[in-house]
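Novice: The structure's right below; bear with me while I get my questions together.
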Amino acid sequence: MSRKTLLHRATVQEGLGKASLPHHSVLIDGDRIEAVMPEGLAPVHAPDVDVLDLAGRTVMPGMTLGHTHIAYLDVLDGREMLFKYSIPEVTLGAAANTTNLLGLGYTGFVGAGSVSGIDMALRRAVDSGRLRGPRITPCSRDLMVSGPPERRNSDVKKRIPSDLMRLADTPEEMAEYVAGEIAQGAEIVKVFSSGDDTFPNGRSHELLFTAEELVIAARTAHEHGAKVRAHSRGLGGIRNAIAAGVDVIDHATYADDAALDAIAERGIFVVPSLYQPHMLLTTGTEHGKTPEYLETLEFEAEVENTLRILPLMVEMGIPVVAGDDFGFAWTPHGTYAKELELYVTMAGIPAPTVLTWATANGARLAGRGGTAGTVQPGRLADLVVTDGDPAEDITVLSRPGAIELVLLGGVAVAGGTASFLSSATSGAA
């Protein structure tokens, strides 16, 4: 007879944007949640149930990091991203980052630009059991152009090895590269509708892809069953991405109200960017960025507009997903929960709402909206046990030692169950 597991005497944060439920229990059968119930109704004496007495600790859904550059190794710029480390070094670092996600409460990640196709290799390694890691939605290599349409330079392509990043010069190459990345295992394709004030080839307000190129990329991806995510900071790039039918808009930092209306109408996911520009502006000098360089950026304006649109997106029901540009020196891997804190402390978004961005909405983006992301019967038992309620205090998620147990499909993949079992045994005695 297969045995069930009862997470007993818990506080349950369902991932539905509401306050947590005290004095509840969660029954797990195999890789699924069978029931969520008041603790007084829990089958603590059933012969086929192993009881883990959580003594008030919080059970929440496993989180999904919705924008992940898993192979960025705390770099300073795009050049270091591509050339500082060898592919073997980048691969080892990416594998370590993948495994470390579990202990931080992340049971899934969605790639946002894969150096040398590492996302796809990691997915195969995890699925085959060769690497311990979360559920992975692998992204393509960055599909890039040399510059804005009026400044295209074919010589740039000669300097960038195509195995690291795809540079397309023609619509035909665009379609070929998108189809090729999906054939290699990409489930989401990364394109660039706008530049970025930190990019060498185009600033945030400048267009990179033309409207036609975005349409070709999105159409090709969708024809092959994949999603498309667009780096879109400037308003023109955001508008083009919406019109092209992308599935995800990354950053959206200069979105206006009309753009938000269109995003809401189409149900496009938005992965905002507040933490990365804030950290670059406030700590960049600690990492060698000069005050003069920081003054050339318009990130203060981007932060200001992001703070304006975040509550509007909540009101409009836009599916917001957490995840920023981690892997830079000022946003190192492992500090993911700090982004969630900033949404609460700086943007004033309620913690239960922010948690949905990392749980229910993240699972939706990963294609598991009906099977994961919430603590409800029938959902995958991808669960996190914390010492403290993140819906009351979001900093719990970044507090050392506060994440005590992580389950992936009902199996402990971080932390341990022994202390909870012994507590349950002594309680029963």
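Novice: Which ranges mark the helices (runs of 4 or more DSSP H) fully within the range 228-296 that have 2 or more residues being buried (at least 23 other Cβ atoms within 10 Å of the Cβ)? First the steps, then the outcome.
Specialist: Details: elements: 235-244, 257-266, 275-283, 291-296.
Counting at least 2 such residues, we get 235-244, 275-283.
Novice: Can you find a residue in the range 208-219 that is modelled with pLDDT of 95 or more, part of a loop (DSSP other than H, G, I, E, B), open to solvent by less than 60 Å² (accessible area, probe 1.4 Å) and touching a helix residue (DSSP H, G or I) at 6+ places or on another chain (Cβ under 8 Å)?
Specialist: no
Novice: Is it true that Arg123 is within 27 Å of Leu397 (Cα to Cα) and open to solvent by 50 Å² or more (accessible area, probe 1.4 Å)?
Specialist: yes
Novice: Examine the range 55-72 for a residue that is of a type in the set (Phe, Trp, Tyr) and without any contact (Cβ under 8 Å) to a residue 12 or more places away in the chain, and state whether such a residue exists.
Specialist: no
Novice: Kindly indicate the residue of the range 49-72 that is small (Gly, Ala, Ser) and touching a helix residue (DSSP H, G or I) at 6+ places or on another chain (Cβ under 6 Å) and also nearest to Ile249 (Cα to Cα) among those meeting that condition. Don't jump to the end; show me each part of the working.
Specialist: The initial filter retains those residues of the range 49-72 that are small (Gly, Ala, Ser), namely 55-56, 62, 66, 71.
Add one more test, that the residue is touching a helix residue (DSSP H, G or I) at 6+ places or on another chain (Cβ under 6 Å), and what stays is 66, 71.
On the way: Gly66: 11, Ala71: 21 Å.
Selected residue: Gly66.
Novice: Does Glu302 qualify as being open to solvent by less than 20 Å² (accessible area, probe 1.4 Å) and either touching a strand residue (DSSP E or B) at 6+ places or on another chain (Cβ under 8 Å) or more than 26 Å from Gly105 (Cα to Cα) (or both)? Don't jump to the end; show me each part of the working.
Specialist: Values: open to solvent by less than 20 Å² (accessible area, probe 1.4 Å): yes; either touching a strand residue (DSSP E or B) at 6+ places or on another chain (Cβ under 8 Å) or more than 26 Å from Gly105 (Cα to Cα) (or both): yes.
Yes: the conditions hold for Glu302.
Novice: Next up: Do we find a residue being touching a Gly at 6+ places or on another chain (Cβ under 7 Å) and either over 14 Å from Gln376 (Cα atoms) or of a type in the set (A, V, I, L, M) (or both) anywhere in the range 40-53?
Specialist: yes
Novice: Identify all residues within the range 126-172 that are acidic (Asp, Glu), open to solvent by 40 Å² or more (accessible area, probe 1.4 Å) and at pLDDT 90 or above; write none if there are none.
Specialist: Asp127, Glu172
Novice: Looking at Ala96 and the list (1) open to solvent by 30 Å² or more (accessible area, probe 1.4 Å); (2) under 14 Å from the mean Cα position of the chain (by Cα), which single condition is not satisfied?
Specialist: It fails just one condition, (2).
Novice: Okay, moving on. Report, by residue number, each residue of the range 30-48 that is part of a strand (DSSP E or B) and either more than 24 Å from Gly373 (Cα to Cα) or in contact (Cβ under 8 Å) with a residue 60 or more places away in the chain (or both).
Specialist: Arg32, Ile33, Glu34, Ala35, Val36
Novice: Shifting gears a bit: Please go through the range 386-411 and give me each residue that is surrounded by fewer than 17 Cβ atoms within 10 Å (Cβ to Cβ) and out of contact with any helix residue (DSSP H, G or I) (no Cβ under 8 Å at 6 or more places or on another chain), ordered by number.
Specialist: Result: Arg399, Pro400, Gly401, Val411.
Novice: Go through the range 8-29 and report how many residues are in a strand (DSSP E or B) and in contact with a helix residue (DSSP H, G or I) (Cβ under 8 Å, 6 or more places away or on another chain).
Specialist: Residues of the range 8-29 in a strand (DSSP E or B): 8-12, 21-29.
Applying the additional criterion that residues be in contact with a helix residue (DSSP H, G or I) (Cβ under 8 Å, 6 or more places away or on another chain) yields 8-10, 23-25.
Residues flagged as in a strand (DSSP E or B) and in contact with a helix residue (DSSP H, G or I) (Cβ under 8 Å, 6 or more places away or on another chain) within the range 8-29 amount to 6.
Novice: Applying the selection to the range 178-199, what residues are within 10 Å of Ser140 (Cβ to Cβ) and assigned to a loop (DSSP other than H, G, I, E, B)?
Specialist: Gln184, Gly185, Ala186, Glu187, listed by residue number.
The values are calculated or read from the model by the stated rules, or taken from the named source; none is laboratory data. Bear in mind the structure is a predicted one, so any value in this text is a computation, not a measurement. No Cβ is skipped: glycine too gets one built from the backbone with ideal geometry, and neighbour counts run over all protein chains shown. Side chains are part of the model used for accessible areas, which takes the heavy atoms of the whole protein and leaves out ligands, DNA and RNA. Shrake-Rupley method; radii C 1.70, N 1.55, O 1.52, S 1.80 Å.
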